[in-house]
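What follows is a short report on a single structure.
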């Protein structure tokens, strides 16, 4: 991955997070983080 692609990807992610916080109060980000933690616990079980 080149520096330019990484920078664009980072800006897009930060923009999506900012949009979620402004539009939904961070509800979508909170939902995704909860699902991510459940997924991590599921993977740890199969380790």
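The values are calculated or read from the model by the stated rules, or taken from the named source; none is laboratory data. On a predicted model such as this, the values are computed, not experimentally measured, just so you know. So basically every Cβ, Gly included, is an ideal-geometry build from the backbone, and we count neighbours across all protein chains shown.
The selection criterion, being on the phi > 0 side of the Ramachandran plot and either modelled with pLDDT of 95 or more or in contact with a helix residue (DSSP H, G or I) (Cβ under 8 Å, 6 or more places away or on another chain) (or both), holds for residue 26. Of everything listed in (1) surrounded by 10 or more Cβ atoms within 10 Å (Cβ to Cβ); (2) not in a helix (DSSP H, G or I), the single unmet condition for residue 6 is (2).
When the criteria are applied in full, residue 34 fails the requirement of being loosely packed, with under 10 Cβ neighbours inside 10 Å, in a helix (DSSP H, G or I) and without any contact (Cβ under 8 Å) to a residue 60 or more places away in the chain.
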